[in-house]
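Shown next, in structure tokens, is the structure this report addresses.
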Amino acid sequence: MTTTFPSSRTTSSSRTWLDAVQADLRQIENKMLAVSRMGQANLDAGVATIITSGGKRIRPAITTLGGRLFSAAWPDVESVAASIELLHTATLVHDDLIDGADSRRGVPTLHSRLPLGITVLTGDFLFAQAAHLAAAANNVRVVSLFAETLVQICKGEILQAQTRFTVPSLAVYEERIYGKTAALFEAAAAAAALLGDADEVQIKAMARYGRELGLAFQVVDDALDFLSTAQKLGKPVGSDMRQGHFNLPVMYYVQDGCIDEAELKRRVEAEEDVEGLLHDIRERGFVQRTLESAARYVENAVTALLDAPSGEATEYLIQLAYQSLERKA
Ligand code: IPE
Ligand code: IPE
Ligand code: MG
Ligand code: MG
């Protein structure tokens, strides 16, 4: 078994964070594939397609870089990073079913090709395999973090479902995106510290880095739903609004008095020129304002790293955080 990080065998300056972890990510992907087979040809092919169809691998990259920063053993980092990405994959299988999305990473979603029951159970199977991988590092705090993260994801998704067609307060919006997305980023970063030689202050710093970056990541995702195309994103666009998920751009739109909340709800529910609403929100600069707000979360993430050791991996974590603001997919 390899005990050193595969990517650390090649070094050169001016590398990006992605160059720095690419070889590690390949091993992590192989680990995910190995545990995702159920021995049923059509299901296995469907799951393998999702796993290999080009996720950005941001979460396992964070765990890998964090693992290096705190000198964690590679086999533990490999298992836990694979666990986090598999947990992410499982949430996407369920999320796409709930959202009725037809594509993900440019390929048809599982529920669009398989019966709903089988899709739900396949997601559950991936959750369970992710738990096995989390346990493989033999660290009780990591297992407990895994369980707590899943609790938060469920709560976030339920809160989102329950607050459809209402304009949330900033506190409720943050609670929603923390649960949906930031809790897993928090776990990705904190688990690395737990596997390594970090002290409690450093564990907290990594957790905060992950949490703030995760909030930024979801805010950018909510902006991209207004800005991008389905082809670039590999998933549907404009769908949050149509489904009554009123995110930050819509919250600003209502707050600035451009539309009354009751009128917004009526128009979206009646499907009356939603395209016009999307256009108006973009034109009036509310998506831009949303991206500015994401930048503030990224600043918080980078500031949190002041309490972490400085090193090459820290620089890559900072680079990754800023780059998440530039992403187009
Ligand atoms: C999609 O996550 C779900 C959100 C939390 C917005 P990613 O944008 O990381 O998806 P992949 O893994 O790169 O496809
Ligand atoms: C995803 O939120 C959060 C998950 C827990 C999967 P979204 O519904 O915004 O993610 P996309 O836009 O479908 O990737
Ligand atoms: Mg979705
Ligand atoms: Mg989205």
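The values are calculated or read from the model by the stated rules, or taken from the named source; none is laboratory data. Treat the numbers as computed from the prediction; the structure is a model and nothing was measured. Don't worry about glycine lacking a Cβ; one is built from the backbone with ideal geometry, like all the others, and counts go over all protein chains shown.
Quick check, is residue 182 over 15 Å from residue 43 (Cβ atoms), in contact with a helix residue (DSSP H, G or I) (Cβ under 9 Å, 6 or more places away or on another chain) and within 12 Å of ligand 1 (Cβ to nearest atom)?
Judged against the criteria, residue 182 is a match.
Find all pairs meeting these conditions: Cβ atoms under 7 angstrom apart; at least six residues apart or on different chains; first residue within segment 231-244 and free of Cβ contacts under 8 Å to residues at least 24 places away in the same chain; second residue surrounded by fewer than 17 Cβ atoms within 10 Å (Cβ to Cβ).
These pairs meet every condition: 237/229; 237/230.
Looking at (1) more than 11 Å from ligand 3 (Cβ to nearest atom); (2) farther than 15 Å from residue 157 by Cβ; (3) touching a residue at least 24 places away in the same chain (Cβ under 8 Å), find the lone condition where residue 115 falls short.
Residue 115 satisfies every listed condition except (3).
Please find, within segment 283-329, the residue that is farthest from residue 22 (Cα to Cα) out of those that are of a type in the set (Gly, Ala, Ser) and out of contact with any helix residue (DSSP H, G or I) (no Cβ under 8 Å at 6 or more places or on another chain).
Looking at the filtered set, the residue picked out is 285.
With the requirement that a residue be surrounded by 14 or more Cβ atoms within 10 Å (Cβ to Cβ) and not in a helix (DSSP H, G or I), what does segment 133-165 give you?
136, 137, 139, 163, 165
For segment 204-236, which positions are within 15 Å of ligand 3 (Cβ to nearest atom), small (Gly, Ala, Ser) and either crowded, with 20+ Cβ neighbours inside 10 Å or at pLDDT 95 or above (or both)?
Hit for segment 204-236 is 223, nothing else.
Can you work out which of the residues in segment 100-122 that are among the charged types (D, E, K, R) and surrounded by fewer than 21 Cβ atoms within 10 Å (Cβ to Cβ) is nearest to the chain's Cα centre (by Cα)?
Among residues in segment 100-122 that are among the charged types (D, E, K, R) and surrounded by fewer than 21 Cβ atoms within 10 Å (Cβ to Cβ), the one nearest to the chain's Cα centre (by Cα) is 105.
Could you figure out which of (1) more than 16 Å from residue 43 (Cα to Cα); (2) within 14 Å of ligand 2 (Cβ to nearest atom); (3) not β-branched (Val, Ile, Thr) isn't true of residue 71?
Only one criterion in (1) more than 16 Å from residue 43 (Cα to Cα); (2) within 14 Å of ligand 2 (Cβ to nearest atom); (3) not β-branched (Val, Ile, Thr) is unmet by residue 71, namely (2).
State all residues of segment 205-237 that are within 11 Å of ligand 2 (Cβ to nearest atom) and assigned to a loop (DSSP other than H, G, I, E, B); if no residue qualifies, say none.
Result: 228, 234, 235, 236, 237.
Which of the residues spanning segment 90-105 are more than 7 Å from ligand 3 (Cβ to nearest atom) and part of a helix (DSSP H, G or I)?
90, 91, 92, 93, 94, 97, 98
Within segment 238-265, how many residues turn out to be β-branched (Val, Ile, Thr) and either part of a helix (DSSP H, G or I) or under 19 Å from residue 320 (Cα atoms) (or both)?
The qualifying residues number 2.
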